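Just so you know, all these numbers are worked out from the coordinates, no wet-lab data involved. Predicted model only: the values in this text are computed from it and were never measured. FYI the Cβ positions are ideal-geometry reconstructions off the backbone, even for glycines, and counts take in every protein chain you see.
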Amino acid sequence: MSTMPSPGRVGDVRRRNVALVLAGIQKNDGTTRAQLAAESGLTKASVSSIVTDLLEAGLVRETSVTRDGERGRPGTGLVLNPARGALAAEINVDYLAVGVLDFKGDLTFHETLERHNRGSLPSDILPLLVAMAQRAVTKAAAAGVELLGGELTVPGLVDVERNVVLAAPNLGWADVELSEELPKLLPVAPFGVSLSNEANSAALAELWFGHGADNRTSERFRDFLYISGEVGVGGGLVIDSQLFAGPQGHAGEIGHVVVHPDGPVCACGGHGCLEAFAGQNAIYSAAGIEWDSTSRQMALLLQLAHDGDERAVSAVEQAGRYLGVAVASTARFANISAVVLGGHFVVLEELITPALRRSLDRHAPGLIPEGNVAVSGLGQTAALRGAAEASVRRILNQAYELIP
Ligand SMILES: [Zn+2]
């Protein structure tokens with residue numbers, strides 16, 4: 001992040017305390033200084049002094065709160081300033097998207113551009129994305145929201161430290177360095193723009209806004225595998241409510257787990273990967289649906305399957321069956337007992353989940369209970385929301401940089 005401000009004059013302890021106070025406010029909207037002190041173990045004086053700085057830096061706001069069962073004057077609560085936010089941008093195989101997430105976690109702006117990006121050079125795509133980001137910044141500014149940082153998420157393996165897309169086979173990208181392009185998405189933001197993997201971002205969104213955050217399901221979905229179905233099949237592994245990305249950030253790549261040793265060749269160059277059975281193109285081709293430049297193939301597949309067309313039904317069921325093979329092995333290997341499906345697996349839920357369930361019962365009986373196979377409710381914005389929220393959290397962790 002080349003545009004990052006030079007380190008401030010605050011010490012390490014103070015930095016940690018600032019992050020602690022901000023995390024407390026994010027976790028508990030409307031919390032008071034006294035509650036923050038009690039929960040963090042910091043003194044009231046030290047919380048008050050940090051809060052004064054955060055108010056001055058525009059990162060938090062005061063709000064009046066009345067607690068249940070308390071009489072008298074309303075107290076003063078604290079919230080993250082909704083007039084601050086982060087940008088997310090997404091490059092996918094068949095669309096580009098940008099979104100703005102405010103500090104409260106609300107997606108206040110979202111734009112998608114359908115486009116076939118397979119084989120497109122970064123120099124074809126980035127200018128389009130920069131124009132979309134400019135529109136998002138303008139809209140946010142008109143709504144009074146200042147964007148402090150952002151994240152670009154892509155369907156491939158990334159090196160976050162060096163801003164390099166190492167391999168995005170479905171885009172045709174290998175070793176694409178974006179250090180010069182990333183800042184153009186958000187030229188004046190103090191925290192710059194980082195890079196992430198699309199499936200990891202969507203898994204984080206599921207953790208922060210989906211099943212992992214829902215009181216009714218959060219216990220069951222503290223450890224889960226998120227599987228995103230797009231042209232490729234991506235995955236993100238969440239262990240103990242944290243993304244487990246592995247030493248280089250590449251763990252959870254379930255799309256390239258081998259499910260059939262003699263299976264067809266995959267975009268990654270290997271043979272018999274899950275993606276070669278459960279990716280969109282694999283399903284269309286097994287269903288006898290030819291590629292065209294419109295995006296009508298999914299609608300056609302759904303229509304055929306609905307009408308009971310044998311090839312279409314068996315193509316989707318085959319995808320579900322191999323999904324089950326991959327999940328069964330992963331569940332054993334990583335001690336996972338829950339799965340969340342995203343992308344086209346949501347659209348195909350009615351056909352694919354029974355096939356997946358049968359496959360799980362056959363290959364890993366009893367391992368993943370009924371009710372622990374869920375579909376994401378976040379829709380097409382999952383990766384955007386996860387990327388933007390990751391950026392918000394990074395900003396909150398480094399917020400001492402903004403303290404005067
Ligand atoms: Zn593969």
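Under a point-charge model restricted to the Cβ atoms of Lys and Arg (+1) and Asp and Glu (-1), what is the dipole moment magnitude of region 217-377 relative to its Cα centre, in debye to the nearest 20?
About 340 debye.
Set Lys and Arg Cβ to +1 and Asp and Glu Cβ to -1, take the dipole of region 266-404 about its Cα centre, and tell me which of 351, 291, 304 lies farthest positive.
Value computed over the given set: 351.
Modelled label-to-label distance, residue 349 and residue 27, 7 Å Cα→beta-carbon offset: nm?
3.1
Local charge sum around residue 154 (other residues, Cβ-Cβ under 11 Å, Lys/Arg +1, Asp/Glu -1)?
Around residue 154, the surrounding residues sum to -3.
With springs connecting C-alpha atoms under 10 Å apart, model the chain as a Gaussian network and identify which of 88, 278, 331 has the largest mean-square fluctuation.
331
Running Debye on region 262-325 with equal point scatterers at the Cα sites and no solvent, what base-10 log of I(q)/I(0) appears at q = 0.23, 0.29 Å⁻¹?
-0.94, -1.22
Quick check for me: using +1 on Lys/Arg Cβ and -1 on Asp/Glu Cβ, what's the dipole size of region 96-208 about its Cα centre, in debye to the nearest 20?
260
Could you work out how far helix 12-27 tilts from the main Cα principal axis of the chain, as a 0 to 90 degree angle to the nearest 10?
Approximately 70 degrees, to the nearest 10.
Among 212, 172, 279, which one shows the biggest mean-square fluctuation in a GNM of the chain, springs joining Cα atoms closer than 10 Å?
Judging by the Gaussian network model, the answer is 172.
In nm, to one decimal, how far is the residue 64 label point from the residue 248 one, both placed 7 Å along Cα→Cβ?
In this crude spin-label approximation the distance works out to 5.8 nm.
Can you pull the Kirkwood radius for region 245-297, inverse mean 1/r over Cα pairs, to one decimal in Å? Please list the in-between numbers first.
Values: mean 1/r = 0.0814 Å⁻¹.
Taking the inverse mean of 1/r over all distinct Cα pairs, region 245-297 comes out at 12.3 Å.
As an exercise, take the mean of 1/r over every pair of distinct alpha carbons in the chain, invert it, and state the Kirkwood radius in angstroms.
Kirkwood radius, the chain: 22.4 Å.
Using the alpha-carbon atoms, what tilt in degrees (0 to 90, nearest 10) does helix 349-363 show relative to the longest principal axis of the chain?
The angle comes out at about 80 degrees.
Among all the lysines, which ones have a C-alpha under 16 Å from residue 27's C-alpha, if same-chain residues fewer than 8 places away are not counted?
104
Show which aspartates and glutamates lie in cross-link reach of residue 139 when reach means a straight Cα distance below 20 angstrom and same-chain residues fewer than eight apart are skipped.
By straight Cα distance, residue 139 reaches 90, 102, 106, 111, 151, 389.
Evaluate the relative contact order of the chain (contact order divided by residue number), counting alpha-carbon pairs under 8 angstrom at least 6 apart; express in whole percent.
Relative contact order here is 17 percent.
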